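Quick note: the coordinates plus some simple rules give every number you see, no bench work behind them. Just so we're clear, the structure is a prediction, and the values are computed from it rather than from any experiment. Glycine gets a Cβ as well: all are built from the backbone with ideal geometry, and neighbour counts include every protein chain shown.
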Amino acid sequence: MRRSFTLIEIIVTIIIILILVGIGFSIYRTQLKKALIASAKAVLHQIRASILRCIEDKETFPTGWQDLDISNPSNQDWNYTFSGNVNSFTVTAIKQRSPYQNLHVQINKEGLITVY
């Protein structure tokens, strides 16, 4: 007699595979978001350091990218802006494209990072 898989066995196998794919995709998305945030943080730290150098050297807050010793790092994926004054400022990175479009990563003068 020839033995074959029953419909129940095939359905259970497919369900198990779908559950594993779902878990894997969820982990992938989480790691992707962490990597994007880490990338933005690195650039924000550079911009913050450049602003602090400008404040220390010129004793004024930079009015634009031309006042800093780095060029505007904005690209297709991230838009970087800074605002504030000598006493308090923030540098913001906003994700421009999917995935995680409109993800905001921000650093202040003290170096505190905020993600929203």
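Side notes on the structure shown:
- Listed by chain and number, the aspartates and glutamates placed with their C-alpha closer than 13 angstrom to that of Lys58 are Asp67, Asp69; residues fewer than eight positions away on the same chain are left out.
- Degrees between helix 7-58 axis and first principal axis of the chain (Cα, 0 to 90, nearest 10): 10
- Lysines with Cα under 18 Å of Lys33, excluding same-chain neighbours fewer than 8 positions away: Lys41, Lys95
- A straight chain from Ile16 to Asp69 at 0.36 nm per residue would run longer than the Cα-Cα distance by 13.6 nm.
- Surrounding net charge for His45, when Lys and Arg each add one and Asp and Glu each subtract one, Cβ distance under 15 Å: +2
- Sorted on the mean count of surrounding Cβ atoms within 10 Å across their residues, most packed first, peptides 60-68, 3-11, 33-41 read 33-41, 60-68, 3-11.
- In percent, rounded to a whole number, the relative contact order of the stretch 7-115 is 20, using alpha-carbon pairs under 8 Å and six or more apart.
- Dimensionless Rg over Rh [the chain; C-alpha; Kirkwood]: 1.37
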